[in-house]
Each structure stands twice: as structure tokens, then as C-alpha cells.
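The values are calculated or read from the model by the stated rules, or taken from the named source; none is laboratory data. None of these values were measured; they are calculated from a predicted model. Because the Cβ atoms are built from the backbone with ideal geometry, glycine has one as well, and the counts that use them run over all protein chains shown.
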Amino acid sequence: MIARRRVRVETEQTNERLRLVETLLGNHELTTCVESAMEWLERTWHIERAMCLGRSDDGAVLRPIAWRGFADETVGQFMLPTADRFHPLVKVLRKRKLTSFPSARNNGKHQRPATPFGDDAFQAVGLRSTRFANEPIGLLLTDAPAILAPELDWFASVLAQKLENLVQLPMDALDREQEHERSLLLRIINAISDPILLSDVEGRMVLANGPALRLFVASEEESEGRRDAVRLNNMLLSAALSTHAMAQTESMRKELTLVSPVDGSDLVFELLNVVIEDARSGTGVLSILRNVSDLSHAVSQFEENNRKLKQAEAETRAERDRLNLVIDSVADPIVVTDAGGSISLVNEPAERLFTSTEADKPAVQRRVRTNDARFSSFVAGLLLKDDERLTAEISLVNPENGEALPVEAIAGKVVTHHGEMTAIVSILHDRREAIEKNRLYEQLKRASGELEKKVQIATKDIEHQNELLRQQALALTQASMMKTQFLSNMSHEFRTPLNAILGYTSILQQGVAGKLGRDAKEQLERIASNGRHLLTIVNEILDISQIEAGRMPVRVTTFRVSDMINEVRAELDPIVRTAGLAVSIDVPESIPRIASDRQKLKQVLLNLMSNAVKFTPRGKVGIAVRYHAKPKSIAIAVSDTGIGIAETDQERIFEDFQQLDNSSTRVYNGTGLGLAICRRFVRMLRGNISVVSRVGSGSTFTVTIPVGPS
Amino acid sequence: MMRAKEPRRKQLVLLVDDYVDAREMYAKYLVFSGFDVVHASTGVEAIDRARERKPDVILMDLSLPVMDGWQATRTLKTDPNTSTIPVLALTSHALGRVAEGASNAGCDGFITKPCLPEDLVTEIRRVLKASEPSASQPQRRRSRTHAKKAN
């Protein structure tokens, strides 16, 4: 509305001005012209007091032509002598613009001429001829406000143009006009910063502007250096011009290097020569020198600036590319929102959350809208606040599958240094991993706690078990010791009465107490036999207890196997003979002396042989020895043609207290310890014992032991 | 009893055992075999009898009341009056260490019970024969005889 009103006002003003020009064009009489102009002034700008002075015929004074707001007699007296150069209003005539004279009450600084305005403020503007420079035509005085100064200038110029044709100008004004034109020409060429000079055909300088004079003219007072520079410059120019004269071309451009008389630096000029034909003064050459050292400098400056600009542009682009790369490489969604709240930049992860196309499924589009709405409300929260930053958790959904996607959103305002907010940058951090980690951590902690408890319980349990075991071990050790002690004592207690039984039996058998009958002898032999058997049992029990208590060390000696076998045979001779069995001994003479525990090996063989005799009702028993050199060992086989052992029982017979027939009516006597002791002895000798047997056809026990030095 | 009248002095055996049946059984057979026998049932008594009677050989059971056989043997072997008398240890302990202990105490032989009376006599004769050639020179010959194991 305001603009439109202004336009109308301007239009009205233009129309008013046109009306003024029309009025003036239609009037050819000086007074009426001025009168109508004054009237226009009053009507259009409401200027109450104004007066226009016009030039007298001789030009000596200016006197009022028309006025408004003044009494005629006051104005009639007023007159301005133009020769009075120091009169303030005469000065005004030389100026182009309006001059304000403030009220005498406000300002005494200005020299105030006596005017019909008295002490009041007024404006003065000269009416000047445009054709005859500076020739005053008239003067306009008004009390218009200062704001109308441009309008009054315009008014004065329009009025002056009209009055120029109506007033009488002096005859010498034309000469002055020529002089004026020359000075104008000088002023023009002086105003040009490029050196300009006019030379005649002889090369003499006819006309030169200031810059040219500085290059080519030096007075006597100036320094030697400057005068040398000027002389050099003259020579260079003459050379250039003569070259030009020979070339005889209309105009040409060439480069000319001169020396600056001021600082001696090189100045590069483009020399433009124009040949001027003049009827009065003959042919001349106009030379215009354009300083291109500045230009080339400017060009290089421009190029430098251009280069910098391009570099800055490239840097900016690289920076932006880098920023884009950074933003895109961040796995977390990043959203830049402008001040209006609409999204202006997103990276790829954010794009998946907040954008969809028509091609997407409706569900995906709906989820994207949901995300958008939740994010927008979050950003709005920051927009409404004065805070620079905002952190919140937002529940988004994965548009692809609708899974919940809780994110931690961190938004920060981007503020220019003027304090104006331009954007909001939001980073959305996926909370699922953190939540999952937290959940796993809690689970782990719980599991760890439970484990700890279990370990504590288990440790206590183990400690308890250990204590029990320790007590049991102690009890076992004690029991073992007690058992050994008991067996040892028992052995002693058995032997003492057995000694008496066997002793007295022997005495009786020898007839110490008198001659005995056959029955008595036989019965005494039964007593002796049972006593010996009981002794065997006691000895075997003692052996087992000694082995178990580790009190039966291995004593290695060197001996001949054949000697030992002979002893065995001799000791068994009575029972073999009683049983009526054949005995075969197979010990090769080549067998060398062997190193082993003689006593233990002998006891093993005695046991095996007595068993063979015991379980062989008829047939034969035998011992066969074989020697192996590498590694040094012997194998002693004790065989019989007895009842044999079932295959299923062949391992059991080596265990403690095992006799195959455990019934109370068993046929064969024995503790069942014999083979167990044998196996223990053989193992103590680092060998082994095995059996091959068939029920009804006999058994072969083989003892294999190493006999080299261990 | 009838042989006691013979002018040649019979060899005297000091039989030390607290178990009466064993002592009398051996004594009966030793007498039957032509020895004189003197009895003791404790270590202290054994020392007294030995000093009193100067036997040719002492049969010493090791498990004795008041003073055991080891201690009695050590005492006898340190007494110049009795140190030359051979001592045969007799025990029901069948363990090897017992035999070593007896040897260390100064016993000249070691016999494990049960021991048949005829075997005992054989051993006594062996010991006596060993000490005969130089009766003045005490001989310490170690000898171990185990009872034959019956089958």
C-alpha cells in the first residue's frame, strides 16, 4: 500500500513538472514567464515567499522580476550588483547548487546579505546559462524548507533554460565561450589520468595534460635524476613517433616503456597515436598513453583473485564432499533440519527411516510417516526452547519390518555468529544394541552370581567331602595298621600252640613216650598233617598282610635257576611220592645265572607245584624253564594233567581268598591265598603270571620275569 | 635219669621259654637226645641260671615277661662269665626284622617257631660243634635256620 501511494505521488509530481514546462514553453515574455513560474512554485510546493531576480541589459545588476509573499516596495528596492565578487549572493551565482542561508537567530557564521527575508532563513540558487558557461542569468530566492533543495535545483535549471533565450547576453560572451571551451578541453584532458599530448609535425609538444607534463617536462629546479628521466622519456617518445611517421598509418597501438621521474620505476604504456589534420595549425599527432603497468598488475591481481576464488571454491567443495562422506559413513542416522523445521539433509541410514516412495508398500509408507511425526515433534521441542542442545529417546520403527527401533536422539542448533539459528543437526543413535548389551550384562551378572553361589556351595561340599575323606583315610590307615598288627599278633598266637602240637606229635611219632601201634602212628600223622596245613594258612595270611603293609621288600641276588628248582623238587618230594605222580623237570644247562629275588621266586614255584600236585589225581606234573636273552627273562611253566580250570574262572583264581569250590563240603583244602600271593610276588618282580587250562585235561601256569640287572 | 650216673658230663642246655608246653616238649626231647636241661621262664631268671650253671648252650625265647630275650641276651653277651655261651634265639615272630634284632643282640642262631624238636636238636649240635674247636675263644657265628615249611 505504501509503495503504491508513493508511486502515485511521484506520478502527480511528474505531471506537475510537465505542466510547468508546458507553461514556460507557451510564454515568450520574460516577466509573465517568471510570474507564472512563481505562481507554479507557490501552488505546487506551497512556498509562501519567493522571488526571482533577472539580469539587467548590461549585466551589471540583477533586479527582481517577479515575487510572492513580499510587499512590492520592499522588493522594489532590492538589487544585486554582479561585479561585487564578494557578495554572498554573487558567490551563489557561481555555484551549481542551491545555497541555504539559515536564520540569523540560529547561526551567525554565514555572511548574510541584506535581503527582503530580513533575519529569516532562505535558500538561494543561481539561474545560469548552459550555453555560455557560468554566465549568470538570474537568481531565485525562497524560504522553502531544506528538503525541497533538489526540487528547487531542478526548478532553477528549467527556469534558467527558458530565461537564457529571453535575456540579452553581452557580445563578448562568445569569445568568453571559446576561452571557456579551451579551458574546458584542458580541464577534460587534465581530468584524464592517462598522459595525453599533441605534437606538431616537427615533434614539438603543442598541448599536454598534467600526467603527460609530469612525464615529459621538467623545470630547472627539479633534481638531476628527474630531468634525466624526462630527457630519456622524450627520446623514447620521439623514436616511437618517428617510427609511427614512417609507418604512415592512421592510428596504431604499440607498447612504450618509459621511466617514472618520481621513483625511476618502469612504466609500461600502450601508446595510441592519432594523426589530426587541422587546417589552421597543420597536421599534428595526438598521443594517448595508457598506463598498462597498472593494468597488467590489475590483470595479474584479477587472475590471482580468480585463482584464489577457484581454490576457495574447490576447498569448499572438497570440504562439502568430505562432510557428505563423513555424514554418509556414519552408521547412525543424521538429519539436518532447517529453521522452518523441514528436513534439508539426511544421510543414507536416516533416509531409510524417513523417506519412502510411492513404490513402497503401504505399511512401509505408514511407518515412515510415524517416524517422521515422532522425529518432527522431537525437533519441534528443540525449536521452541532456548537451549542449544536436546537429548531424548524416541521410539521409531524399522520401516522395512515394523520392528521397534528405540533411538537416542541428540539434536544441536547450528547458530551463525549473528546468533541466528540456521539449522538443527540431529543424530539418532540405535539404542537396541545398548539395551541388548545391558540385558546380556544383567543376565551374565545374574548367571555369574548364581555360579558364584554354586561354586561356594560346591566348595563347601568339597571341603566337607575332603574332611570326610581325610577322616576316612585316617581311619583306613589306622584300620590297616590295626589289621597288620592284628595279623602279626595272630600269627604269633597261632604259632605258639601249633609249635607245641607239632612238637609233641613228632615226639610221640619218634617213640619217645614208648612204642606205638600202627593205628596210633597213622593217627599221629593225621595230627601232624593238619598241623602243617594250619601252619601254611597262618604263613600265607602273614605273607598277604606283609605285602599289603609294604613290609616285603624285593631282595635281588644272583643264582642258578637249576639249583632253585632242585630245592623245590626236593621239598615237594614227599607229597609227590605220596600222590604217586610222575615229575618231569626241564631246565636247559645253558641257562646262565639270573638276577632276581630267589626266595620269592622259589615260594611261587613251591606254591604252583603243590597246587599242581593237589589238583592232579593221576598223571604227571612238571616244570619247564626257558631263557630269553633279549630282554633277559625267563619263563617257568608248571604243568599238570589234573582237573583243569574253566575258562570263565581263569582270572578269578588269582584274587584273594578265592578257591573255586567255596562250598562247605569242598574236596580241596587251602586258604585260596596261594595264587594271589604268587601274582603279587611276580608283579613285585616286574613279571606276570598266566594260565592255560582245559577242564579235565590239566593246567599250565607260566611265570615270566625279567632277570637282567634292573 | 639213668644216664645221669655216667661219669662223662652231659652237655647242659639252658631252655628259656615262658610257654610251659613248649618248654617241657623241647626239654623232654633234649633229655631224650642226651642233653641235660635247665629251665628258665623269664629273662632275669635266664641270666641267674646262666651265671649259676654255665650251660653249654642257651635256647632263648625272645618274647618273655619281666625282661625280654633280646635284653637278656645283651646282658649275657656283655658279662665275661657268660659271653662265650652260644645263644640260639627262638621266636614265634616270623618277621625278618626280629631275626635282625636278635643278631644285633648277640644271638648265635635264630630259629622260628614252630620248630620240630628234632630240627632244634640238629641246630643245637651245629652251634655246639662250631664253638668246640677253641672253646676259650668265643665265636660269633651267625646262623639262621628256618623251620621247614610243612606242606
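May I ask you to list the residues in the stretch B:116-151 that are assigned to a loop (DSSP other than H, G, I, E, B), modelled with pLDDT under 90 and either in contact with a strand residue (DSSP E or B) (Cβ under 7 Å, 6 or more places away or on another chain) or among the hydrophobic types (A, V, I, L, M, F, W, C) (or both)?
Listed by number, the residues that qualify are B:135, B:143, B:146, B:147, B:150.
Within the stretch A:41-82, how many residues are at negative phi and touching a residue at least 24 places away in the same chain (Cβ under 8 Å)?
Here the count works out to 26.
Specify the residue that is surrounded by the fewest Cβ atoms within 10 Å (Cβ to Cβ); the eligible residues are those in the stretch B:41-90 that are among the hydroxyl-bearing types (Ser, Thr, Tyr) and touching a helix residue (DSSP H, G or I) at 6+ places or on another chain (Cβ under 6 Å).
B:83
Using the structure shown, decide if residue A:576 is assigned by TED's automatic domain parsing to the domain that holds residue A:695, crowded, with 16+ Cβ neighbours inside 10 Å and farther than 22 Å from residue A:677 by Cβ.
no
So, in the stretch B:92-115, of the ones that are away from chain A (no Cβ under 14 Å) and in a loop (DSSP other than H, G, I, E, B), which residue ends up modelled with the lowest pLDDT?
Among residues in the stretch B:92-115 that are away from chain A (no Cβ under 14 Å) and in a loop (DSSP other than H, G, I, E, B), the one modelled with the lowest pLDDT is B:106.
Please work out if residue A:47 is in a loop (DSSP other than H, G, I, E, B) and surrounded by 15 or more Cβ atoms within 10 Å (Cβ to Cβ).
Against the criterion (in a loop (DSSP other than H, G, I, E, B) and surrounded by 15 or more Cβ atoms within 10 Å (Cβ to Cβ)), residue A:47 qualifies.
Just one of the numbered conditions (1) loosely packed, with under 12 Cβ neighbours inside 10 Å; (2) of a type in the set (Asp, Glu); (3) closer than 23 Å to residue B:115 by Cα is not true of residue A:463; which one?
(3)
When residue A:566 is evaluated against the numbered criteria (1) surrounded by fewer than 17 Cβ atoms within 10 Å (Cβ to Cβ); (2) within 22 Å of residue A:702 (Cβ to Cβ); (3) away from every other protein chain (no Cβ under 13 Å); (4) in contact (Cβ under 8 Å) with a residue 40 or more places away in the chain, which criterion, by number, is the only one it fails?
Every condition holds for residue A:566 apart from (4).
What number goes with the only condition from (1) of a type outside the set (Phe, Trp, Tyr); (2) within 27 Å of residue B:32 (Cβ to Cβ); (3) at the interface with chain B (Cβ under 10 Å from one of its Cβ atoms) that residue A:520 does not pass?
Going through (1) of a type outside the set (Phe, Trp, Tyr); (2) within 27 Å of residue B:32 (Cβ to Cβ); (3) at the interface with chain B (Cβ under 10 Å from one of its Cβ atoms) one by one, residue A:520 breaks only (3).
Select from the stretch A:525-552 the residues that are free of Cβ contacts under 8 Å to residues at least 12 places away in the same chain and more than 9 Å from every other protein chain (Cβ to nearest Cβ) and write down the one among them that is nearest to residue A:625 (Cα to Cα).
It comes out as A:550.
Kindly establish whether residue A:593 is of a type in the set (D, E, K, R) and under 23 Å from residue A:554 (Cα atoms).
Judged against the criteria, residue A:593 is a match.
Which of the residues spanning the stretch A:280-325 are of a type outside the set (A, V, I, L, M, F, W, C) and in contact with a helix residue (DSSP H, G or I) (Cβ under 9 Å, 6 or more places away or on another chain)?
Of everything in the stretch A:280-325, those that are of a type outside the set (A, V, I, L, M, F, W, C) and in contact with a helix residue (DSSP H, G or I) (Cβ under 9 Å, 6 or more places away or on another chain) turn out to be A:287, A:291.
Can you find a residue in the stretch A:496-517 that is on the phi > 0 side of the Ramachandran plot, surrounded by 11 or more Cβ atoms within 10 Å (Cβ to Cβ) and within 14 Å of chain B (Cβ to nearest Cβ)?
Yes.
Select the strands (runs of 3 or more DSSP E) contained entirely in the stretch A:286-402, then report the ones holding at least 2 residues which are in contact (Cβ under 8 Å) with a residue 24 or more places away in the chain.
By residue number, A:334-338, A:389-397.
If the requirement is being within 14 Å of another protein chain (Cβ to nearest Cβ), surrounded by fewer than 23 Cβ atoms within 10 Å (Cβ to Cβ) and either within 19 Å of residue B:115 (Cβ to Cβ) or of a type in the set (A, V, I, L, M) (or both), which of these qualifies: B:26, B:19?
B:19
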